[in-house]
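*Asks:* Below are the C-alpha cells for one structure; questions will follow.
Derivation of every value follows stated rules applied to the coordinates shown; laboratory data play no part. All of these numbers come straight from a predicted model, not from anything done at the bench. Heads up, the Cβs are rebuilt from the backbone with ideal geometry, glycines too, and the neighbour counts pull from every protein chain shown.
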Amino acid sequence: MAAEIGFGALFISLIFAIYGIGAAIYGERTHRKDWVKSAQQAMRLIFPVLTISIGSLLYLLANGHFEVVYVADVTSRSMPLYLKLTALWGGQAGSLLFWSWLLAGFIFAVALRKWDRDQDLLPWVIVVNLATLIFFLILNIFYENPFARYWQDASGIISSFGQPPGALPIYPRDGGGLNPYLRHPGMIIHPPMQYLGFVGFIVPFSYAIATLITRRTDDRWIQITRGWTLWAWLFLSLGLILGARWAYDVLGWGGYWGWDPVENSALMPWLSGTAYLHAVLIHEKRSMFKEWSMVLIVITYLLIIFGTFITRSGLLSSVHSFAESKIGPIFLGFLILTLLGTVLLLNSRWKILRSPHVVQNLFSREALIIISVVLFLGLLVTVFWGVIFPMISELATGQKVTVGPPFYERVAAPIFGGLLTLMAICPLAVWSYVSFKHLGKLLWKPFLVSLLGIVLPLIGGLTRWPALIAFWLVAFGLAVNIFEFIRRIRIRRRTEGEGWWSSFSKVFRRNQRSYSAMIIHVGVVLMALGVIGIEFFQTETQGTLAEGQALRLSSYTMTYEDLDIFDTRDARNVARAVVSVKKDGQKLGELYPRKDFYYESGIPVTIPGVRSTLLDDFYVILVDWKEISSEGATFKIYHNPLVKWLWIGAWVFVVGVVMATWPSGKKGLKALNVGKL
Amino acid sequence: MKKFLRSIVGLLSLCLLTVSVFRPVSAQESGPTDDEVNAVASQLYCPVCENIPLDACGTVACEQWRGIIRDKLAQGWTEDEIKDYFVAQYGDRVLAEPPVQGFNWLAYLIPFMVLVGGLVLLVFGFRKWRVTESLQSTPPRRKTGLQDPEIDQEYLRKVEEELEARTRGRG
Amino acid sequence: MKKLLLWSALALLIVILSVGLYRSQQGQINVGQPAPEFTLVTFSGESYQLSDYQGSVVVVNFWASWCETCKPEAKDLEAAYKFYKSRGDVLFLGVDYVDTEPEALAYLKEFGITYPNGPDLRTEISQAFRIRGVPETFIIDQEGLIAHLQIGPFLSLEEIKAIIDPLLK
C-alpha cells in the first residue's frame, strides 16, 4: 500500500512539474501573468507531494518491508531504527529520490519568494528549476524505482513495480543490510550535506540562465541569490570536510583525502564555486569582469551534473561509486543537452555581457581576486584532466592507467601555497589603488610576528625548506588577519569611545562580508596548518605483536596489553584490542582500536584508536586482514602532527560562513532583496 | 684538506651502509620488515580494485602481492625493479601515475601547457587592463562609480534601462 | 580562434564521455564474434598464439588462485582436457588473471592441472576478451569465432563435453 502511494506521489509530482514548465513558457510567450502565477503555484505544490513519496519510502524502510527491492538492498532486521532511516540515501534509487526531494524543497522556497520585482525572470527560473527536477523524477520513475518489488514467476525472481503477468508477490524475511562503511555517524550526515550543496547551486544557476535568456545585463540575479549561494557553498564545503573526517576516522589508512575520482567530482564544483564567490565581489563592487561571474556559476553547475554523472553511471569505480546502473546513457544525454544549451546561450549573449576590465595596481583587491580566480581555475583544470585522462588513455592505447595522488599533489601544493599568500595580503588590499607605503605600514608588524613561523620550527630542528615556507605563510596569514581585525576595532574605539565588545559588534555589522571573509580565511589558514603537519611530517610503522610486546614510533611506545572478542546485538563480531601508549617514557593512557566484522555482508570495518592533541595525533589501527589473537595481532601506527588543526580550522571556517549569511541587523530579510547598489 | 678527507670517509661509510642494507639477508631470519614492504606497497595500486593503494588494501590478493614484495626485497631487488616487475605483470595501472612514455606524455603536458598558458594570459591581461599614468595619480575612491566619462554613459544608460523595466513591470 | 578552440574541446569531451560510457556498458565479447588474437606464454615458457590454432577448438579459461569459485571447475576442466587430448584438435589454455606466480603454481599442483597455463601479462588478454571477473571460459570454434561464453564455473564434466562435442561434428 505504502509503495503504491509513494510511487503515485512521484508520478503526480512529475505531472505538476511538466504542467509548471508548460504554463511558465506559455505565460511568458503570451505575456499572461496569470499563467506564470499558476506555474509558480504548481512549483509550490510539488514539495508536499514529493514529501509524501519520500515519507512512504521511509515508512517501508523503518518497518522492514523487504518485498520492496530497495528496502531489501539497504536494510536488514538487525539494524537499529536510525540506521534504517538513514539508509534512505544508502543506495542509488533512494538517494536519487532524496536528491529530487531536496531539489523540490529549494524550488518550493524559490516559489515562496515575493516576486513583485524581477517578474520577467520568473518564468525562466521556473523552467530551469523544473526541467532539472523533471529529469531526476524521470530517473526515479522509469530507471531506478525505489518502490519496485520482488515477484516470483516461472523464470525465477524478478523485480518490477507493477505485477508482471503470471507472477506472485514474495515477501523475503530479511534484507542484505547497509554497507558497514555507511553505518558510521560521519557517513550518515555526509551525503545529505553533499547533496544540499550540489542541489543548492541550481538556484543561482537558474537565475543566471534567466538573466541571460531575458538579455538583462544587471546584477539582480546576484543580489537575489547571494544568500542561497553562500548556503549552497557552505554545504558543499561541509560535504568535503565531513568526507575527509570520515575517511580519517574509518577508512583506516591514516589519511583524509585520496584524490579519488569521486572525491574529485565533489572538489571541482567547490573550486569553481569558490572562484565564483570571489569574482562576484569584483562584479558587485566595481562593476567589472562581469562575464567571469556568469561563466563561473555556469561552470559550477555543469561540474555538478558532470560529477553526478560519472559517479552514478558506472563509468568509474572507486570506494564511492554506486553499483552499475542503467541510468548512464540518459544521464549522459542530460549532461550533453545542458552543456550545449548553456554554452550556446552564453555564446549568443556574450556581447551584451561585456563589462570593463580595469586593474590599476597589482596589489589592489581586484588584482588579488583575479589572481585567486586564476589559481582556482588552474587547479580545477588539472583535477578535471586527471579525472578524465584514464578514460582517454584507455580509448587511445587500450591500456588502463591510474592517475593518483602524486599527479594532483604536484600541482595542488604550489597553488594552495599561492592562495595562502593571497589570503595573507588581501585584508590589507583595498579597491583600485594601493600605495606601497600604506601597505608597508600595515605589513611590517605582522611580518615580524610571522617570522616566528620560520624561527620556531628551525629551533625545533626542521630544515626542509618547503615546510619552512609553508609554516611561514600560515603564520603570516594568521598575523595579518588578526592584526588587521584588532586595528580596525581599535580605530573605532578611538573615534567612538566605545568598549571592546560594542566596537567589535558594530564594526562587524558595518561590514559583515569583509569580517566574515577574514574569519573564513583564518579558518582556511588553520586548516592549512593541519595539512602541512600531516603531509610533510606523517610517519608510520607496522608490526605484529604478541601480548606484552611493543612497537616504537617517533618518541612513542605502544604496548599490546589485552584483547576482547565478542558479538554485539546488531550482528557483528568485535575484536577489541587494548593498547597502552607512552611518550618519552611517560604513560599517556590507553587506546582501543577494534575490528568490527559484520556477519550479513562479511565485510570488516576497522575503527582506529586515536589520541588527539593540538600537537599531534597518535593513531592505531588493527590490521584486519591478518589474524587477531593474543599470540599475534598486527598493528599499524600513524603519527600525524598538527592534524587536529585541520578540524579546528574547519570549525572556524564554518562559523565564518554562517556569519556571512547572517541577515544584517534591522534590515534582515529585506537585505536579501534590496542589496546595495 | 681535512674537510675533504672527512667527506670522503663520510661518503664511503654511507656506501658501506647502503650495501649492507641491500645485502641478501642470510644472517637475519626475519627478512624485510612490514615498514619496508609498505614503503614499496604504498607506491603501487591494487591491480583489481581500482584506486586503492596496495598497503591499504585488505583482500587476499593484495596480501599475496605484498608477499611478493617481501620476497623480492629479501632477494635484494630494489624498489624500482619491484615496480617494473609489477608493471610487466599487471600493466601500467598499478603505478600511482601514468608512466611517462608515448601517449601518456599528454597527461603531464596538457596541465602544464594550460597552467603556463594561464599565467601568460594573466600577465598579458594585467598589462592590458592597466589604466594610463594620469589616472594613477588620482586619490583612491571608496565607493563604486569610475569617473571615466565613457563608462559613466554606460552607467546612465543602464539606470534608464532599469527604470524603464520597472515601470513596465508595474503594468 | 578562441571560439573554435572552445567548441572543439567541448566536442572532444562529449565524444570521450560517450565512447567511454559505451565501452563501460559493453559486456564481454559476444558469441558469434571473432575471438581476439592473443599470445599466451606459459609458466614453463612455451608460447601459444591463438591464430596458430585455426582448425582446432580452443578452450580459453580465465582463473586465479585467489578465486574461490574457480576451484569447483578445476578438476572438471583437467578431466575434459584428458578426454579430448588424444584427438589433437582441442586445445585447453588457462589464463591466470592478476595473480602471483607461487600461489598460481600451487593451485595448478593442487588440482593436478597439466594443460598449458600462463599469466595474463599486463592484463592484455582479459582486457581483449573484456571479462568481468573470474572464472569465465570462452570456447572458440575451428573458424576462430566464439562458440560459447561461460560466466562462472562449469558445473560438471558432462556440461563441458555437451558444449564441445557439437563443435567437433
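*Asks:* Please compute the net charge surrounding A:Gly186, taking Lys and Arg as +1 and Asp and Glu as -1 over other residues with Cβ under 13 Å from its Cβ.
*Replies:* Charge balance near A:Gly186 sits at +1.
*Asks:* Give me the number: length gained by fully extending A:Trp651 to A:Ala396, i.e. 0.36 nm times residue separation minus the C-alpha to C-alpha distance, one decimal in nm.
*Replies:* Details: separation 255, 0.36 × 255 = 91.80 nm, distance 4.50 nm.
Between A:Trp651 and A:Ala396, full extension yields 87.3 nm more.
*Asks:* Moving on. Compare the peptides C:143-151, A:33-41, B:115-123, A:227-235 by average per-residue count of other Cβ atoms within 10 angstrom and give them in order, highest first.
*Replies:* Sorting C:143-151, A:33-41, B:115-123, A:227-235 by mean packing, highest first, produces A:227-235, A:33-41, C:143-151, B:115-123.
*Asks:* Would you tell me the mean number of C-beta atoms belonging to other protein chains that fall within 10 Å of each C-beta in B:107-119, as a whole number?
*Replies:* 5
*Asks:* Going by amide H atoms built from the backbone, whose H comes under 5 Å of the H on A:Val643, apart from near neighbours?
*Replies:* HN-HN under 5 Å from A:Val643: A:Asp617.
*Asks:* Subtracting the Cα-Cα distance from 0.36 nm times the residue separation, let me have the gained length for A:Ser348 to A:Lys33 in nm, one decimal.
*Replies:* Additional length available on full extension: 110.7 nm.
*Asks:* Here's a follow-up. Computed FRET efficiency, Cβ-Cβ of A:Tyr82 and C:Ala106, R0 41 Å: what is it to the nearest 0.05?
*Replies:* On the way: r = 47 Å, r/R0 = 1.15.
Given R0 = 41 Å and the Cβ-Cβ separation, E is 0.30.
*Asks:* Hey, got the average number of other protein chain Cβ atoms within 10 angstrom for residues in A:383-395?
*Replies:* 5
*Asks:* Tabulate in residue order the Karplus-calculated ³J(HN,Hα) for segment A:225-240, using 6.51 cos²θ - 1.76 cosθ + 1.60 with θ = phi - 60°, rounded to whole Hz; enter x for Gly and Pro.
*Replies:* 8, 4, x, 4, 5, 4, 5, 4, 5, 4, 5, 4, 5, 4, x, 5
*Asks:* Something else: Alpha carbon centre of segment A:343-386 versus segment A:78-123: separation in Å?
*Replies:* Rounded to whole Å, the Cα centres lie 32 Å apart.
*Asks:* Within the set of other residues whose C-beta is less than 10 Å from the C-beta of C:Leu155, count the net charge using Lys and Arg as +1 and Asp and Glu as -1.
*Replies:* Net of charged neighbours comes to -4.
*Asks:* If each of A:Ile138 and A:Leu451 carries a label point 7 Å out from its Cα toward its Cβ, how far apart are those two points in nm?
*Replies:* 6.6 nm
*Asks:* Still on this structure, I have one more. Ranking request for peptides A:398-406, A:341-349, C:90-98: highest mean number of other beta-carbon atoms within 10 Å first, then the rest in descending order.
*Replies:* Result, highest mean Cβ count within 10 Å first: C:90-98, A:398-406, A:341-349.
*Asks:* Excluding same-chain residues fewer than 8 positions from C:Lys161, which aspartates and glutamates have a Cα within less than 20 Å of its Cα?
*Replies:* C:Glu73, C:Asp76, C:Glu78, C:Asp89, C:Glu136, C:Asp141, C:Glu143
*Asks:* Let me ask another. Report relative contact order for segment A:183-325 in percent, whole number only (criteria: Cα-Cα under 8 Å, sequence separation at least 6). Don't jump to the answer; show the numbers that get you there.
*Replies:* Working: 162 pairs, mean separation 34.1, N = 143.
Over segment A:183-325, the number comes to 24 percent.
*Asks:* Further, regarding this structure: Counting partner chain Cβ atoms within 10 Å of every residue's Cβ in A:96-109, what's the average?
*Replies:* Average neighbour count from other chains, rounded to a whole number: 0.
*Asks:* Under the rule of at least 5 residues apart or a separate chain, name every residue whose amide H is placed under 5 Å from the amide H of B:Thr33.
*Replies:* Result for B:Thr33 returns nothing.
*Asks:* Which FRET efficiency, nearest 0.05, do A:Ser554 and B:Glu81 yield, Cβ-Cβ r, R0 25 Å?
*Replies:* 0.25
*Asks:* On to the next question. Segment A:239-255 to segment C:24-46: how many Å between their Cα centroids?
*Replies:* Their Cα centres are 40 Å away from one another.
*Asks:* On to the next question. In deg cm²/dmol and to the nearest 500, what is the mean residue ellipticity at 222 nm of chain A if only DSSP H runs of at least 4 residues count, each as -39500 (n - 2.57), divided by the residue total? All intermediate terms of the calculation are to be shown ahead of the outcome.
*Replies:* Values: 21 runs with 404 residues, N = 677.
Counting only the DSSP helices, I get -20500 deg cm²/dmol.
*Asks:* Would you please put A:1-13, A:159-171, A:46-58 in order of how densely packed they are, using the mean number of other Cβ atoms within 10 angstrom per residue and starting with the highest?
*Replies:* A:46-58, A:1-13, A:159-171
*Asks:* What distance in nm lies between label points placed 7 Å from Cα along the C-beta direction at A:Ile189 and A:Leu614?
*Replies:* Modelled inter-label distance: 2.4 nm.
*Asks:* Can you give the relative contact order of chain C as a percent, counting alpha carbon pairs under 8 Å and 6+ residues apart?
*Replies:* Once divided by the residue count of chain C, the mean separation gives 31 percent.
*Asks:* Hey, rough spin-label estimate for A:Leu458 and A:Ile336, points 7 angstrom out along Cα→Cβ, what's it come to in nanometres?
*Replies:* In this crude label model, A:Leu458 to A:Ile336 measures out at 6.0 nm.
*Asks:* What net charge is computed for the residues neighbouring A:Leu395, neighbours being all others with C-beta under 15 Å from the C-beta of A:Leu395, Lys and Arg scored +1, Asp and Glu -1?
*Replies:* Charge balance near A:Leu395 sits at +2.
*Asks:* Right, next: Express the relative contact order of chain A as a whole percentage, based on alpha carbon pairs under 8 Å and six or more residues apart in sequence.
*Replies:* RCO, chain A: 10 percent.
*Asks:* Given R₀ = 35 Å, what would the calculated FRET efficiency be for C:Leu121 paired with C:Phe83, taking r from the Cβ atoms and rounding to 0.05? Please list the in-between numbers first.
*Replies:* Numbers: r = 30 Å, r/R0 = 0.85.
Once rounded, the FRET efficiency stands at 0.75.
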